[in-house]
Amino acid sequence: MKKLLFLAITAIIFSGCSSNSTNETTTNEYLKINISGVEYYNDLSSFIGYQDIPNCLDNGVLFSHGVSQVENSTFFVECDFTHFQNATDFENEQKNVITNAKLKDDNSLYGGLNSVCELNNDFTIIFENKPSYQRAYFKPGTTQTHNITSKTFISEDATSKLYKIEGNFNSIFKNGNTDVPIFGDYRIVVEVLK
């Protein structure tokens, strides 16, 4: 009897561990960002976002997914990922071409230098110098990259589908007279509506 009880408890523990490890591999979201040689790592457990983002191409409803923020006494950085909000657009491979991903230093939520509209798969880095409350933008003449390295279906329910998006980015910002290299990678889970 004691052996059966031990086996039952062991089975419950292992099935619990198995379930947790499956969830971790599908939803362990993070942002790893290096700012001027210092690496910051944020585990992400939830997301916030904004719908009805202005779309430059007017080819679908966009949603801005707040990835994460990094802040210290000298700067504030926010990263956002813009994607199609509806599954019909998100799953259309002619519309949602992951190789068309762009890196931006402004978005419609912050409205910097110009009136801003966005595109599907934009990754935005907002950089603010905290002591001066001044925004910094990409250094002119430099290359900025954003690559989506993976898009994986996770699950669905009656109203939405979840996808895991992984990518990386690289840029140089001009903060006053100082060059600020910013690069990193991320894994997020986005929700699209049926």
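Results, tabulated for the structure shown:
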{"quantity": "Options Ile165, Ile154, Ile188, Ile125; residue that is closer than 22 Å to Leu62 by Cα, open to solvent by 30 Å² or more (accessible area, probe 1.4 Å) and either among the aliphatic types (A, V, I, L, M) or in contact (Cβ under 8 Å) with a residue 60 or more places away in the chain (or both)", "calculated": "Ile154"}
{"quantity": "Residue, modelled with the highest pLDDT, within segment 32-52, restricted to residues that are under 18 Å from Leu162 (Cα atoms) and open to solvent by less than 60 Å² (accessible area, probe 1.4 Å)", "calculated": "Leu44"}
{"quantity": "Residue that is farthest from Glu71 (Cα to Cα) [pool: residues in segment 129-151 that are more than 18 Å from the chain's Cα centre (by Cα) and open to solvent by less than 50 Å² (accessible area, probe 1.4 Å)]", "calculated": "Thr142"}
{"quantity": "Residue in segment 159-167 that is farther than 23 Å from Asn28 by Cα and in a loop (DSSP other than H, G, I, E, B) present", "calculated": "no"}
{"quantity": "Residue within segment 139-151 that is touching a Lys or Arg at 6+ places or on another chain (Cβ under 7 Å), over 18 Å from Val97 (Cα atoms) and assigned to a strand (DSSP E or B) present", "calculated": "no"}
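The values are calculated or read from the model by the stated rules, or taken from the named source; none is laboratory data. Just so it is clear, the structure is predicted and the values come from calculations on it, not from any experiment. Note that each Cβ is placed from the backbone with ideal geometry, even for glycine, and that neighbours are counted across all protein chains shown. Each accessible area value is taken on the protein alone, full model and side chains, heavy atoms only, with ligands, DNA and RNA left out. Shrake-Rupley method; radii C 1.70, N 1.55, O 1.52, S 1.80 Å.
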